[in-house]
Amino acid sequence: VCDMGENGTKEVDTSNFKWLLEAKDLVLVVKNLPDCLAEESLVEFFDQYGAVEVRFMFQYGRKRIAFVKFSDTPTAKTALSRLNNFRLLDKKLVVEFCDSKSSSEPTQPTQP
């Protein structure tokens, strides 16, 4: 949920992302997603690699990224090795494990 604050800036309810902090070894951050693919299509794509939960957000206004959770670390590691630098349409995916350096302050989280 994204609301406008008193000073006109966006305020984000980050409670939907609490699971990121609790399971960093199970969550991959996927950047450089194609703009033309709907979130539902991306969820289906990540499901092929064993994803159990996918959340999207916009970073720096327009760049869409995904947080993809897996049931166990070996599955997440396999997905990382297969998806990092994978060319999806016109974009080369950038994939890494979620940690404090890779998870920036969200500006507009969404759920499919």
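Worth a mention:
- Vicinal HN-Hα couplings computed from phi for the range 39-51 (Karplus, 6.51 cos²θ - 1.76 cosθ + 1.60; Hz; Gly/Pro x): 4, 4, 5, 5, 4, 4, 4, 5, 4, 4, 9, x, 5
- Between Asp72 and Glu44, the contour length at 0.36 nm per residue exceeds the alpha carbon distance by 8.2 nm.
- Remark: accessible surface ordering of Phe67, Phe45 (largest first) is Phe45, Phe67, probe radius 1.4 Å.
- Length gained when the stretch Phe97-Cys36 is fully extended (0.36 nm per residue, less Cα-Cα span): 19.5 nm
The values are calculated or read from the model by the stated rules, or taken from the named source; none is laboratory data. The structure presented is a predicted model; accordingly, all values stated were derived computationally and were not measured. All accessible areas refer to the heavy atoms of the entire protein, side chains included, with ligands and DNA or RNA removed. Shrake-Rupley method; radii C 1.70, N 1.55, O 1.52, S 1.80 Å.
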